[in-house]
Amino acid sequence: MTTEFSYEHVFRVPSTRTVLDAYFDPDHLATQDVVAELGDRVVTENHEDDKIRKTTWSVTSLKPLPGFVRAFVSGGKLRYLETMTWRKADDAIDLIVAPQIAGGRVQLAAIYELTQAGEGQVRRKYKGQVTVNIPLLSGKIERGIVDAIQKGMPMMFDCTQKWLERTKS
């Protein structure tokens, strides 16, 4: 199965580059991780050239898992690989989140697309899909993940906006 999602926000910042840089800034990531209840963020891959910047992190969720999911997670803590690839020419980031659950049968694939929306404003379109391949539970797990994204979206946007305001030079 696959469940799609899409969100749009406007940041109060001077340029798309300001937001794109934030997504790779260790301080911004640490600030967001506190809000999202994530821990143990470790870089496992990092590459940058003229066309892309790609980083993969191993991340651990500190949130308790729903009962029906615990059976699929060893150690009781959800771990996942998060890969962001910034396509510099497109002002876009491809995001892949691969939870270390059910032998790779769960994945989130998304895109952050940024455009200038006016003076001092950058529009971010965040769209993607959650795919789960677990018989009888796929739809329930996908909806649970999308619901969690939807509930967390206002907090994460606010966290990023406040971080951008606090750190601007």
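Since every read-out is calculated from the coordinates, none of them should be taken as a lab result. Bear in mind the structure is a predicted one, so any value in this text is a computation, not a measurement. Here the Cβ is made from the backbone with ideal geometry for all residues, glycine too, and neighbour counts use every protein chain on show.
Which angle between 0 and 90 degrees, to the nearest 10, do you get for helix 26-36 versus the longest principal axis of the chain when only C-alpha atoms count?
Helix 26-36 and the main axis of the chain meet at about 50 degrees.
List the aspartates and glutamates whose alpha-carbon lies under 14 Å from that of residue 63, not counting same-chain residues fewer than 8 positions away?
List returned: 33, 37, 40.
For residue 129 and residue 45, calculate 0.36 nm times their separation in residues minus their Cα-Cα distance, and state this gained length in nm to one decimal.
Computed gain between residue 129 and residue 45 is 27.9 nm.
Once the Cβ-Cβ distance between residue 89 and residue 136 is put in as r, and R0 is 45 Å, what FRET efficiency do you end up with, to the nearest 0.05?
0.55
Which value, in debye to the nearest 20, describes the size of the charge dipole of region 2-167 about its Cα centre when Lys and Arg Cβ atoms bear +1, Asp and Glu Cβ atoms bear -1, and nothing else is charged?
That gives region 2-167 a dipole magnitude of about 500 debye.
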